[in-house]
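The values are calculated or read from the model by the stated rules, or taken from the named source; none is laboratory data. Source: prediction; values computed, not measured. So basically every Cβ, Gly included, is an ideal-geometry build from the backbone, and we count neighbours across all protein chains shown. For the accessible areas, the whole protein counts, side chains as well, though only heavy atoms, and no ligand, DNA or RNA atoms are used. Shrake-Rupley method; radii C 1.70, N 1.55, O 1.52, S 1.80 Å.
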Amino acid sequence: MNSVLQNLLDVFREPSVIVGLIALLGLVLQRKSLSDTIKGTTKAFVGFLVLAAGAGVVSDALTPFGDMFQHAFGVQGVVPNNEAIVGKVLTDYGSQAALIFFFGMVVNVLLARFTRFKFIYMSGHVALYLAAMIAVILIANGFSSWQAVLWGALAQGLITTLSPALVQPWMRKATKNDNVALGHTGNFGIATSGLVGKLFGNPEKSTEDLKIPKGLGFLRDTTVVIASSMGLIYLLVTLVAGQGYVEDKLSNGQWYLLWAVMQAGKFAAGVFIILAGVRVVLAEIIPAFKGISEKLVPNARPALDVPIVFTFAPNAVLIGFLSSFVGGLIGMGVLVAVGGTIIIPGIVAHFMTGAASGVLGNATGGRRGAVLGAMVNGLLITFLPLLVLPFLGDIGLQNSTFSDADFGVSGLLLGGAVRIGHAAVIGLIVCALAAVFAGSALTTRRQATKEEPTTTSERQPTA
């Protein structure tokens, strides 16, 4: 009996199996045919294994880079890249992260159903990344697996419900409607950009009045941007480290400049593989979640990934990316001057959240808003990842970390609470839930009061 139980526990410790079972549940709830159910479950299972394979490729590229960076500059260099760090996390905490992800979606639907925060978080890939970070912080700081899943799912549901609400005022300005929301782990930085644009910008001077050279169009392709930018970073660090060190210690005699280019290409390839695996997994899980949520919360707004705003201000996309990257370089310069761990600008984060920051900054403050707002976002996603590193246990010793601003804010709140004690984490989550319901009830009451007739004669029927 004990042997059978142990075998079952071994099965449920495999994150790929957990993901496959979640997909199976969703397909059964959709009443899919046996053929579709088998196909979807298998694809989700294999997709997670693809993700894990990509994580191995990224890790193989980053490990020598970390050694080389430390040799060249005498400090640890960390590249904030969600795919890179999540790939590592899911190999160690995959089962817990998958369960937090699934039950966190359920909490999101329930909060949308019973409060005024009618946002359904549809960006499954970043929600999975968020679940991974929550799992790391809780388990690395003493929570058992079931405790991490319980309180982590509640925390995830709260974050994915409130994050779109934070940025929605600026989304209305950018999209000229209130039909769609933004669901991304960069929402805190993107909302900050909208606020900066409102305070310091001029909405009359739009980025869309500018002429952007067509030769810069390649900067809108994520894979090209990752490969080329990481290539420059690898080459720079390789040159500083020196030919002798690289060829003797890292490249097994391969010409050091060629080795640097190949490592950068491997990093980009690994990120590409991870994204492919994530897409396969979510393609089987999200449709079921969407169908169920639409039935339970008919008036909800879907919170979608950042590319939904790109079409509203294409020039602001490029300006925002470049401005955010400049902010990252400024932040890195400050860290170099101070000493200690160096956060190297993560291209994916600056591209995605910087572009969205540019669009919303432009909506509230025109060109100046796009530049300043995205630059502030770049500073946030430089310093926040550094502040979260101490809460990540052994994962924080890797050469990569979580990149977007929501990871930083929620990671600091959870990490700060967990350092006080488990009761502080539970208290934080319970108080946040109470505040959401209380605030929702208060808003509903105020709206009802405004809609009531103001005089007795208006309330009484006429003869």
*Name the single residue, out of those in segment 331-348 being at pLDDT below 85 and in a helix (DSSP H, G or I), that is most open to solvent (accessible area, probe 1.4 Å).*
VAL348
_I'd like the residue in segment 136-180 that is in contact (Cβ under 8 Å) with a residue 40 or more places away in the chain and of a type in the set (Phe, Trp, Tyr) and, out of all such residues, is farthest from LEU360 (Cα to Cα)._
PHE143
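For segment 150-200, what are the residues that are among the charged types (D, E, K, R) and in a helix (DSSP H, G or I)? Give the derivation first.
Filtering segment 150-200 for residues among the charged types (D, E, K, R) gives 172-173, 176, 178, 198.
Selection gives ARG172, LYS173, LYS198.
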*asked:* Looking at segment 90-110, can you tell me whether even one residue there is touching a strand residue (DSSP E or B) at 6+ places or on another chain (Cβ under 6 Å), among the hydrophobic types (A, V, I, L, M, F, W, C) and touching a residue at least 60 places away in the same chain (Cβ under 8 Å)?
replied: no
*Residue check: is ILE120 outside any helix (DSSP H, G or I), within 26 Å of ARG279 (Cβ to Cβ) and either in contact (Cβ under 8 Å) with a residue 24 or more places away in the chain or among the acidic types (Asp, Glu) (or both)?*
yes
*Which of the residues belonging to segment 99-117 are open to solvent by 50 Å² or more (accessible area, probe 1.4 Å) and under 12 Å from LEU158 (Cα atoms)?*
PHE103, VAL106, LEU110, PHE117
_Any residue in segment 226-253 that is part of a helix (DSSP H, G or I) and open to solvent by 70 Å² or more (accessible area, probe 1.4 Å) sitting within a Cβ distance under 6 Å of a residue that is at pLDDT 85 or above and of a type outside the set (A, V, I, L, M)? List the pairs, counting only those 6 or more apart or interchain._
GLN243/TYR256
_Let me spell it out: the conditions are (1) in contact with a Phe, Trp or Tyr (Cβ under 8 Å, 6 or more places away or on another chain); (2) open to solvent by less than 50 Å² (accessible area, probe 1.4 Å); (3) at pLDDT 75 or above, and ILE18 meets all of them except one. Which number is the exception?_
(3)
*Mind checking which residues of segment 30-84 are among the aromatic types (Phe, Trp, Tyr) and under 30 Å from ALA337 (Cα atoms)?*
PHE65, PHE69, PHE73
*Go through LEU158, LEU182, LEU195, LEU154 for me and flag whichever is open to solvent by 50 Å² or more (accessible area, probe 1.4 Å) and on the phi < 0 side of the Ramachandran plot.*
LEU195
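Table: residues versus (1) part of a helix (DSSP H, G or I); (2) more than 21 Å from GLY415 (Cα to Cα); (3) touching a Gly at 6+ places or on another chain (Cβ under 9 Å); (4) of a type outside the set (Gly, Ala, Ser).
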| site | (1), (2), (3), (4) |
| --- | --- |
| GLY47 | yes, yes, yes, no |
| LEU51 | yes, yes, yes, yes |
| GLN70 | yes, yes, yes, yes |
| VAL75 | no, yes, yes, yes |
| GLY94 | yes, no, no, no |
| ALA97 | yes, no, yes, no |
*State the number of residues belonging to segment 120-151 that are aromatic (Phe, Trp, Tyr), more than 15 Å from the chain's Cα centre (by Cα) and surrounded by 24 or more Cβ atoms within 10 Å (Cβ to Cβ).*
0
*Search segment 361-394 for residues being under 17 Å from SER206 (Cα atoms) and of a type in the set (S, T, N, Q), and hand back the single one that is surrounded by the most Cβ atoms within 10 Å (Cβ to Cβ).*
ASN362
*Test PHE65 against the stated conditions and say whether it is more than 28 Å from PHE325 (Cα to Cα), part of a helix (DSSP H, G or I) and among the aromatic types (Phe, Trp, Tyr).*
no
*Hey, can you tell me all the residues within segment 395-423 that are part of a helix (DSSP H, G or I), in contact (Cβ under 8 Å) with a residue 24 or more places away in the chain and open to solvent by 50 Å² or more (accessible area, probe 1.4 Å)?*
LEU412, ARG419, HIS422
*Quick check, is GLY378 at pLDDT 95 or above, closer than 15 Å to ASN81 by Cα and touching a Gly at 6+ places or on another chain (Cβ under 7 Å)?*
yes
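Results for (1) at pLDDT 90 or above; (2) closer than 21 Å to GLY393 by Cβ; (3) touching a His at 6+ places or on another chain (Cβ under 7 Å), shown as yes or no for each residue.
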position: VAL57; (1), (2), (3): no, no, no
position: THR63; (1), (2), (3): no, yes, no
position: LYS88; (1), (2), (3): no, yes, no
position: ALA98; (1), (2), (3): no, yes, no
position: GLY124; (1), (2), (3): no, no, no
position: GLN156; (1), (2), (3): yes, yes, no
position: SER163; (1), (2), (3): yes, no, no
position: ARG172; (1), (2), (3): yes, no, no
